[in-house]
Amino acid sequence: MRLTPTLHDQVMVVTLEGDHLDATESKEFKEKIKAIIKEYHAKKLFLDFHHVNFIDSSGLGSLLSILKVLNSEGGNVKIACMTRQVRSVFELICMHKLIETFNSVEEGVSSF
Amino acid sequence: MEWKSESASKIDRFFTSNLSQLNLLRYFVAEVCQQVPGDKETFTEILQLALNEIFCNISSHAYNNKKDQPILIRVKYQQEGIEFEVLDQGEPFDLYALPIPNFSGKTEGGFGLYIVRKTVDRLEYIPKNGQGTWNHMIIYKQFVR
């Protein structure tokens, strides 16, 4: 999956350009995000999910892995613009209690 | 358009255990659900996710990541919902011994079959009975009205 990183006031905003985050994409996604975190020394990560129409348990697992990496460095990850399918799976396994979500990138970035 | 009755069509579709088939699998489920009554979008999303999780579980665990093993999906249209039977020849497992996943963020896996269990109306598993036979996982989802 192609990722587009942009810096907004010390918050690294990454837009996921793919339509799905499933078992075929999750490993590469996780590695790419970890590389971005390392390269930019990013501690505040914001993921823009507005293109993602489907996520499975493996995609959710990759988000938990990213959260762990950032938390261990005193950082955090937040998510914006989740589609209906993504939001319902997210809530099903209680991830909304671990990762804060927002309706827009602007709203989320200012929350850091 | 009239909904297909129980006596109407059944569909069999073969896949291989390669995860690259996931997209195709989700298209197949969308095709199967095309004419369902009620909230088609929710119904389709739930079944796409459930079948996706079952497929990944078979590929990773039953077939230990081998990519060329057979997975057969059998669709049975019923009066008030759809039944999917997923068959594989891999290593069987005990569905009823699966632990409840950890939701604290400490573990990154173990959610797949939990999601299936939480989203469908019926889930059954019949392990294979000897070499060359099939494991059967059966899910049933009632239409979302």
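The values are calculated or read from the model by the stated rules, or taken from the named source; none is laboratory data. Please read all numbers here as calculations on a predicted model, not as lab measurements. Note that we place each Cβ from the backbone using ideal geometry, even for glycine, and neighbour counts take in every protein chain shown.
Things to note:
- Selection status of A:Leu7, more than 30 Å from B:Lys40 (Cα to Cα), more than 14 Å from the chain's Cα centre (by Cα) and aliphatic (A, V, I, L, M): yes
- Residues of region B:109-145 that are at pLDDT below 95, surrounded by 15 or more Cβ atoms within 10 Å (Cβ to Cβ) and of a type in the set (Val, Ile, Thr): none at all.
- Contacts under 8 angstrom Cβ, first residue in region A:40-64 being more than 14 Å from A:Thr24 (Cβ to Cβ), partner part of a loop (DSSP other than H, G, I, E, B) and of a type in the set (Ser, Thr, Tyr), 6 or more apart: A:Phe49/A:Thr83; A:His50/A:Thr83; A:Asn53/A:Thr83; A:Leu64/B:Thr107
- Scanning region B:1-30 for residues that are at pLDDT below 95, basic (Lys, Arg) and either exposed (fewer than 15 other Cβ atoms within 10 Å of the Cβ) or touching a Lys or Arg at 6+ places or on another chain (Cβ under 9 Å) (or both) yields a single hit, B:Lys10.
- From the options A:Leu21, A:Leu3, residue that is buried (at least 23 other Cβ atoms within 10 Å of the Cβ) and either hydrophobic (A, V, I, L, M, F, W, C) or over 18 Å from B:Leu22 (Cα atoms) (or both): A:Leu21
- In region A:60-112, the residues that are facing another protein chain (nearest Cβ under 10 Å) and either of a type in the set (Gly, Ala, Ser) or touching an Asp or Glu at 6+ places or on another chain (Cβ under 7 Å) (or both): A:Gly61, A:Ser62, A:Leu64, A:Ser65, A:Gln85, A:Ser88
- Residue check, B:Ile73 away from every other protein chain (no Cβ under 14 Å) and either under 27 Å from A:Val52 (Cα atoms) or more than 17 Å from the chain's Cα centre (by Cα) (or both): yes
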